[in-house]
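Take this structure, written in structure tokens, and hold onto it; I'll ask about it next.
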Amino acid sequence: MNTATTCLDESDPNALTVEQALERVLAESAPVGGTETLEIAAALDRVLAEPVAARIDVPPARNSAMDGFALRAADGRAGNRLRLIGVSAAGHPWQGPVGPGECVRILTGAVVPEELDTVVMQEHAGLTESGQVTLEKDASPGANIRERGEDTRAGAVILDAGRRLTAADIGLLASQGIPQVAAVRRPRVAFFTTGDELVPIGQPLGPGQIHDSNRYTLAALLTRYPVEFVDLGVIADTEEAVRSALTQAGATADLILTTGGVSVGDADFVSQLLQKEGRVGFWKVAMKPGRPLAFGRFGRALFLGLPGNPVSAMATFSLFVRPALLRLSGAAAEPPWTLQARLLEDLHKRPGRADFQRGILEQRDGGWVVRSTGGQGSHQLRSMSLANAYIRLPAESSGASAGEEVEVIPFQSVF
């Protein structure tokens, strides 16, 4: 590691590109071992450890897609009058025979009697006082009927291993009568912040002090992922305190996250100890905000040391920690989705680093437009709160002009 290179230069030959850094992170982020059995009510967002096959056909029987009258297609000519002999309701199917010239009132979701093959919607038929149904339009064979197994056939794989379960997946499992699933063990994440200037919220600030926002940000971000995490608090800026925290985390966690202490200052003990007692994969990325990003291992755990500035910490979390967490949990680390949007104002940058500026993305006149949140300093957390997207400007660019199409990464795809 060349500690002579400072973080003041835009072009740094020792810094990896965002793509190179992410490739290295993912190469070492193998799924953690172990599975556990979960009730499906507690399985939202968890990752399946094995595929799930359907137990039954869905629907389990032919049923009506709407309220109307079930009949034979042969009796379904406009003007015909059919004798109404009963009702088939959801959970209460018609049990008797249905002869030619007869029909059954049927409700949505109800079983269609075996000998009938068509449902006429109630808007296309009239009911006389004598109990006869008059058809107002020709009926098409098979109309408005859901066939048995139309959605799912028994034995078919309905959810693959590695899938992170959604609310719809939970409903699908319930529709099959499946009460439990095997899920990948949640990765254990230990995190802490460093800095003698940090003061817990709720306590008054002294000279040169600031409130510790990064721990709360990290905890909030981690709740969105299938992980279990432990907050080790604020660690004092001493080599002994940082070593103790790293050693504890490295013995019990699958991933260690820190903020601060990863640059080249005298009190940056996180990076110093990672070099001396752990393993360094890389420590600088050609991006803004967030160049000082340390990656490696300490003890049994992967290590990602995020910058101390709050916006930099969030940016590096979204681009590197998020995919690592997904990979560790057994899910696919899919890249964030991007779109092109028309820029509403000029943006400036110096060539050398990929720039992820905070923006406000919205639809206007049938297309996407984006504008800056204003100040882009890595300490300006309010601009992150106002934003809903990154405006990504390539490393070699010197900015973009109003009216140009720029690449945008919506926050919902990275947080």
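Can you work out which of the residues in the range 372-386 that are touching a residue at least 24 places away in the same chain (Cβ under 8 Å) and open to solvent by 70 Å² or more (accessible area, probe 1.4 Å) is farthest from Leu344 (Cα to Cα)?
His379
For the range 70-101: of the residues being touching a residue at least 60 places away in the same chain (Cβ under 8 Å) and small (Gly, Ala, Ser), which is least open to solvent (accessible area, probe 1.4 Å)?
Once the filter is applied, the top-ranked residue is Gly76.
When you scan the range 263-329 for helices (runs of 4 or more DSSP H) that lie fully inside it, which ones turn up with 3 or more residues that are open to solvent by 30 Å² or more (accessible area, probe 1.4 Å)?
Correct list: 269-277.
Say whether the condition of being under 20 Å from Leu319 (Cβ atoms) and basic (Lys, Arg) is met by at least one residue in the range 229-249.
no
Return a yes/no flag: does the range 210-229 have any residue that is farther than 29 Å from Leu326 by Cβ, among the aliphatic types (A, V, I, L, M) and at pLDDT 90 or above.
Checked against the condition, which is being farther than 29 Å from Leu326 by Cβ, among the aliphatic types (A, V, I, L, M) and at pLDDT 90 or above, the range 210-229 yields at least one hit.
Answer yes or no as to whether Leu22 is open to solvent by 20 Å² or more (accessible area, probe 1.4 Å) and either of a type in the set (Ser, Thr, Tyr) or in contact (Cβ under 8 Å) with a residue 60 or more places away in the chain (or both).
yes
So how many residues does the range 164-187 have that are closer than 23 Å to Pro323 by Cβ and either of a type in the set (Asp, Glu) or crowded, with 18+ Cβ neighbours inside 10 Å (or both)?
Total satisfying the criteria: 8.
Could you give me the residue pairs with C-beta distances under 6 Å whose first residue belongs to the range 226-245 and is under 30 Å from Leu48 (Cα atoms), whose second residue is among the acidic types (Asp, Glu) wherever it lies, and which are 6+ apart or on separate chains?
Listed by first residue and then by second, the contacts come to Pro226/Asp45.
Given the conditions (1) more than 30 Å from Leu165 (Cα to Cα); (2) in contact (Cβ under 8 Å) with a residue 12 or more places away in the chain; (3) of a type in the set (Lys, Arg); (4) surrounded by fewer than 19 Cβ atoms within 10 Å (Cβ to Cβ), which single one is not true for Arg353?
(4)
Also: Quick one: Val369 ticks every box in (1) outside any loop (DSSP other than H, G, I, E, B); (2) aliphatic (A, V, I, L, M); (3) under 21 Å from the mean Cα position of the chain (by Cα); (4) surrounded by fewer than 19 Cβ atoms within 10 Å (Cβ to Cβ) except a single one, so which number is it?
(3)
Let me ask something else. Inside the range 345-366, can you point out the residues that are assigned to a loop (DSSP other than H, G, I, E, B) and touching a Leu at 6+ places or on another chain (Cβ under 6 Å)?
Lys349
Condition first: touching a strand residue (DSSP E or B) at 6+ places or on another chain (Cβ under 6 Å), within 27 Å of Ala333 (Cβ to Cβ) and buried (at least 17 other Cβ atoms within 10 Å of the Cβ). Can you find one or more residues in the range 195-213 that meet it?
no
Of the conditions (1) in a loop (DSSP other than H, G, I, E, B); (2) more than 24 Å from Val189 (Cβ to Cβ); (3) of a type in the set (D, E, K, R), Asp45 fails just one. Which one is it?
(2)
Exactly one condition in (1) touching a residue at least 60 places away in the same chain (Cβ under 8 Å); (2) not in a loop (DSSP other than H, G, I, E, B) is false for Glu150; which is it?
Against the list (1) touching a residue at least 60 places away in the same chain (Cβ under 8 Å); (2) not in a loop (DSSP other than H, G, I, E, B), Glu150 comes up short only on (2).
Ok, one more. Can you tell me which of Ala174, Ala156 is under 25 Å from the mean Cα position of the chain (by Cα), farther than 27 Å from Val32 by Cα and modelled with pLDDT of 95 or more?
Criteria check complete, one pass: Ala174.
Would a scan of the range 63-81 turn up a residue that is in a loop (DSSP other than H, G, I, E, B) and of a type in the set (Lys, Arg)?
yes
Arg55: touching a Gly at 6+ places or on another chain (Cβ under 8 Å) and open to solvent by 50 Å² or more (accessible area, probe 1.4 Å), yes or no?
Judged against the criteria, Arg55 is a match.
Kindly provide the set of residues from the range 166-183 that are within 25 Å of Arg224 (Cβ to Cβ) and in contact with a helix residue (DSSP H, G or I) (Cβ under 8 Å, 6 or more places away or on another chain), ordered by number.
Result: Ile170, Leu173, Ala174, Gln180, Val181.
Show the residue pairs meeting these rules: Cβ distance below 6 Å; 6+ apart or different chains; first residue within the range 193-217 and more than 15 Å from Asn309 (Cα to Cα); second residue among the small types (Gly, Ala, Ser).
Filtered contacts from the range 193-217: no entries.
With respect to Ala332, is the statement that it is closer than 16 Å to Ile391 by Cβ, among the small types (Gly, Ala, Ser) and surrounded by fewer than 24 Cβ atoms within 10 Å (Cβ to Cβ) true?
no
In addition: Out of Gly171, Gly177, report the one residue that is part of a loop (DSSP other than H, G, I, E, B) and more than 30 Å from Ser378 (Cβ to Cβ).
Matching residue, one of Gly171, Gly177: Gly177.
The values are calculated or read from the model by the stated rules, or taken from the named source; none is laboratory data. The structure presented is a predicted model; accordingly, all values stated were derived computationally and were not measured. Using ideal geometry, Cβ is built from the backbone for each residue, glycine included, and neighbour counts are taken over all protein chains shown. Accessible surface is based on the protein model in full, side chains and every heavy atom, while ligands, DNA and RNA are left aside. Shrake-Rupley method; radii C 1.70, N 1.55, O 1.52, S 1.80 Å.
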